[in-house]
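To start, the structure under review is shown below, and the notes come after it.
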Amino acid sequence: MRYLKVDIGRIVTLHYKGMLEDGTVFEDTFKDKPITITIGKMEIIPGFERNIMGMNEGEEKEFTLKPEEAFGPYFPGLIKKIEKEKIKKWQDLKEGAVIQFFPDEKVPIIATVKKITDKHIVIDLNHPLAGKKIKFKVKILKVRSKR
């Protein structure tokens, strides 16, 4: 039997563990169920997809991505101060909370609450992993052609 390699258009089922440089794990599918992605459909960060290209079923690999290959650089200009009165249910918010809102009612924006003052809420619009090098451990479970 001939096995398919990971390539554009292939449907790939895999396990992965995502870690920060210090070893802190932020996601681990090995403890749960694997994910299935279609290569080339932008269903996972580009650097991850690029690093698994050419892998075979059963193959394992570890790699590290620079911020630009993962969740992007950290932009200090994406920290915003919003008046509390402009946010519904601001009383329920806590520092460190991740919130989602729809400024144009179509595309959600995700932000992290950095600070709550008497009159304002300071939010960070950067991805929580922006500006960080990310390590991945990957195991390819299955590779198949399009349906």
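The values are calculated or read from the model by the stated rules, or taken from the named source; none is laboratory data. For clarity, every value in this text was computed on a predicted model and none was experimentally measured. Reconstructed Cβ throughout: ideal geometry from the backbone, glycine too, with neighbour counts over all protein chains shown.
Would you confirm whether or not segment 35-53 contains a residue that is among the hydrophobic types (A, V, I, L, M, F, W, C) and over 17 Å from the mean Cα position of the chain (by Cα)? Yes - at least one qualifying residue is present in segment 35-53.
Here is a list: Ile52, Ile79, Ile110, Ile44. Which entry is surrounded by 13 or more Cβ atoms within 10 Å (Cβ to Cβ) and either in contact with a Phe, Trp or Tyr (Cβ under 6 Å, 6 or more places away or on another chain) or without any contact (Cβ under 8 Å) to a residue 12 or more places away in the chain (or both)?
On the way: Ile52 fails: either in contact with a Phe, Trp or Tyr (Cβ under 6 Å, 6 or more places away or on another chain) or without any contact (Cβ under 8 Å) to a residue 12 or more places away in the chain (or both); Ile79 fails: either in contact with a Phe, Trp or Tyr (Cβ under 6 Å, 6 or more places away or on another chain) or without any contact (Cβ under 8 Å) to a residue 12 or more places away in the chain (or both); Ile110 fails: either in contact with a Phe, Trp or Tyr (Cβ under 6 Å, 6 or more places away or on another chain) or without any contact (Cβ under 8 Å) to a residue 12 or more places away in the chain (or both).
Exactly one residue qualifies, and that residue is Ile44.
Identify all residues within segment 55-75 that are over 19 Å from Tyr3 (Cβ atoms) and either of a type in the set (Lys, Arg) or without any contact (Cβ under 8 Å) to a residue 40 or more places away in the chain (or both); write none if there are none. Don't jump to the end; show me each part of the working.
Of all residues in segment 55-75, those over 19 Å from Tyr3 (Cβ atoms) come to 62-75.
Lys66, Glu68, Glu69, listed by residue number.
Determine whether Glu59 is among the acidic types (Asp, Glu), surrounded by 13 or more Cβ atoms within 10 Å (Cβ to Cβ) and more than 21 Å from the chain's Cα centre (by Cα). When the stated conditions are applied, Glu59 passes them.
Restricting to segment 24-39, and then to whatever is in a loop (DSSP other than H, G, I, E, B) and modelled with pLDDT of 95 or more, can you tell me which residue is surrounded by the most Cβ atoms within 10 Å (Cβ to Cβ)?
Taking segment 24-39 as the starting set, the residues that turn out to be in a loop (DSSP other than H, G, I, E, B) are 24, 32-34, 39.
Adding the requirement that they be modelled with pLDDT of 95 or more leaves 24, 33-34, 39.
Details: Thr24: 10, Lys33: 9, Pro34: 15, Ile39: 19.
Step by step, filter segment 24-39, then rank; the result is Ile39.
If you take the residues of segment 124-143 that are closer than 17 Å to Thr112 by Cβ and in contact with a Pro (Cβ under 8 Å, 6 or more places away or on another chain), which of them is surrounded by the most Cβ atoms within 10 Å (Cβ to Cβ)?
Lys132
Scanning segment 2-41 for residues that are among the aliphatic types (A, V, I, L, M), under 12 Å from Leu141 (Cβ atoms) and touching a Phe, Trp or Tyr at 6+ places or on another chain (Cβ under 8 Å) returns a single hit, Ile35.
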